[in-house]
Amino acid sequence: MNDRTVLLQEVSRRTSDDTETLLLQPGVNVLVGDPNTGKTKWLQTIDYLLGDDPDAEQKRDDDLFIKYISASADMIVSGNQLRVERRWTEPGATNKVFINEEAVGLKEYRYYLQSLLGIPEVHYPQGNPYGSRTWPELGWRSLMRHVYRRQRMWNDLAELQPEVEQHASLLQLLGVADKVFSNEYGELIAKEKRIAALQLQREQFVEMLQEVSREIVPNEKLGVALTPQSIKAAVALIHADEAALQNRRAELLEVVRRDAMRKTAAKEGITSEILEGLTDESAHLEDKQEAIESAVRKTRERQREVSRYRSLLEEERGRITRAQEAGSLLADLKVTHCPACDQEIPRQRAGADECYVCGQTVDAASSGAASAKRLQFEVDQLKGEIEETGELLRGLAQELTRLAEEEARVEERQEYIDNVLRSGRATAAAMLPPELAAIDMNLGSLQERLRQIERIRQAFGKREQLASHIQKIQEEVAVLDAEVSRRTIGVDYESLGDRLSDGMSTYLNRIRELNPRSWTQQGISVQISDRDFRIRVGNANWKVKLGGTLSLYFFLAYHYSLLELTSDPAAHYPGLLIVDFPAEINGVAVADKENFAVQPFVELLAQEGFENAQMIAAGTAFDGLDGAHRLELKAVWK
């Protein structure tokens, strides 16, 4: 016996001064009455107590919410006795459900029912799993559309429910939705979508980079397509062009320099060789001046270090000197009182060469001399080190003086040479050819191209970063794919489809026995996959094949096949079916078909394993329907 069911026992509605009650039993319950006796309103009340949430307009205009102030139900859900109440006129309680007098939110109440029934939370794809839409949650109310067939909704399997949601609901009721739409599957789809997005981003990035690079560097330098090798080749070609321009520039400058030297030598009355020597000497003096400045910085830093060290030595010598002076003052102090009892110690207890405190022999001559010698040794050591640092500081000061004198001589000589060469530089500047300016512009252009190519090289590295990111996600996808395959390996879609088609066929076979003229079509087949489902009558889609009364039998067969799942502990059907028969379908009266149409449900719920299952049907006849609990309504709804 499967106890994961919803079994309604009593449903009540309260007005301001009266209470109406409907007592229900396991098995088939039929609400019978003439039109407008409130059958549909009772079913709406039950649906409302099972978590329906009518819109504001319906609550404002519906007679159920106008006439009554609250509704309640006693029910057993998976063995748990619950009293559920909804109070739509009480302030703040419109979207509340009172479970055993404890108020909870409507959404929380639905989750509670779902958890009691052991129905897992599932998110399902709307259409293509790889589409851009997020996966909505398959909630309790989606399943209720397959449990409660309203009077006005006899044209589809589930009321106003898209096929993708119908498919997900079917898989949930069959007990496999958590395997088909597992969290791992959702993560797998999300990661595969991420991989596709990254791959597209990588392609677009490389394509854009190709276009940008063609504008920066001529095609003959980057080749057909941008690659690390083509970038390297382009850099090498630019470096070659740069070297050629630098050589040409050096040649032009050498020619200008020679002409300028010749003119300057003639002007100054010296030979070109002497002028050449002065130029070389100027370069040598510049190097020497830099060396002197460096030596001055190092010498001054060394001077600061030695000064700091000398200061530390002098401080240490001062501390030891103060210790010597303190020792000489404290040496004659004697212990006059016992440190334990604070009593005066008589001196006559010890001899002249014995300690009058501990009684041990004391060498009076050497007791203080050793300490004094150690201190004096430290003072002498520090004095020697201080003298050495003084000598070192004097040497550093002399070195700084020497460097300053040498620097002054170098500056004086450099100033003389600059005066001699100044006219030569002016002459050389006047002689610079226009080609040199063009070369400098070309060199600047090449340098800018190199900087741009370096930026392209760095940007091109993003391709490898994206590839690495894609590879990492692909590794995660492989793990998830293995887990999804493991979870879905036991899902036999063929058997699931056969199970529904067998249940529907069982129902149709039975009504055909009861009324040979009831079902006049071929058999029904159901095909289910991980993406969709199809129900066919013969070889045609049921939607185009059936009409009128045949659609009535078809929908009841569908509900019969679902209700059969109640006895299966692996399925998630809640063991409850609510059917509100219409007065007619497509102009064909239904009243004369209600009895034999419901008879197979009576027989099903009487079988072992369906003790906690229940069907509640509302109609106008049900005369002589044995095995059903008959509830007759006579008062006309006002």
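Side notes on the structure shown:
- With a Förster radius of 30 Å applied to the C-beta separation of GLU207 and ARG531, the computed FRET efficiency comes to 0.35.
- The order of the peptides 299-310, 434-445 by mean Cβ neighbours within 10 Å, most packed first, is 299-310, 434-445.
- Simple spin-label estimate for ALA437 and ASP63 gives 10.2 nm between the two label positions (7 Å along the Cα-to-Cβ direction from each Cα).
- Label zone at ASN515 (point 7 Å along Cα-to-Cβ), backbone N below 20 Å, segment 589-621: 589-605, 616-621
- For segment 57-82, backbone nitrogen atoms closer than 20 Å to the point 7 Å from ASP3 Cα along Cα-to-C-beta are found at 74-82.
- Segment 1-61 - percent relative contact order, Cα under 8 Å, separation 6 or more: 20
- One decimal place: the segment ARG304-ARG413 gains 36.1 nm when fully extended, by the rule 0.36 nm per residue minus the C-alpha distance.
- Pair ALA583, VAL255: separation of 7 Å Cα→Cβ label points (nm): 11.4
- With neighbours defined as other Cβ atoms within 10 Å of a residue's Cβ, the residues SER115, SER561, SER328 order from fewest to most as SER328, SER115, SER561.
- FRET efficiency estimate (nearest 0.05) - Cβ-Cβ, ASP568 to GLU163, R0 25 angstrom: 0.55
- Estimated at 0.36 nm per residue, the fully extended path between ASP52 and ARG141 surpasses their Cα-Cα distance by 31.3 nm.
- Modelled spin labels at GLU405 and GLN289, positioned 7 Å past Cα toward Cβ, are 2.1 nm from each other.
- Modelled label reach - ALA635, point 7 Å along Cα→Cβ, segment 1-39 residues with backbone N closer than 19 Å: 10-24, 31-39
- For LEU546, neighbours were defined as the other residues whose beta-carbon sits under 12 Å from its Cβ, and their charges (Lys and Arg +1, Asp and Glu -1) total +2.
- Counting charges near GLN607 (Lys, Arg +1; Asp, Glu -1) among other residues having Cβ under 14 Å from its Cβ returns a value of -4.
- Length added when fully stretched, GLU281-THR361, from 0.36 nm per residue minus Cα-Cα: 20.4 nm
- In segment 1-150, one over the average inverse separation of all distinct C-alpha pairs is 16.9 Å, which is the Kirkwood hydrodynamic radius.
- Annotation: amide H-H contacts under 5 Å for LEU577 (H modelled 1.01 Å from N, sequence separation of 5 or more, or interchain): GLN614, MET615, ILE616.
Computed from the coordinates by the stated procedures, all read-outs in this text should not be read as laboratory data. From a predicted model like this one, the values you see are computed outputs, not experimental measurements. Virtual Cβ from ideal backbone geometry, glycine too; neighbours counted across all protein chains shown.
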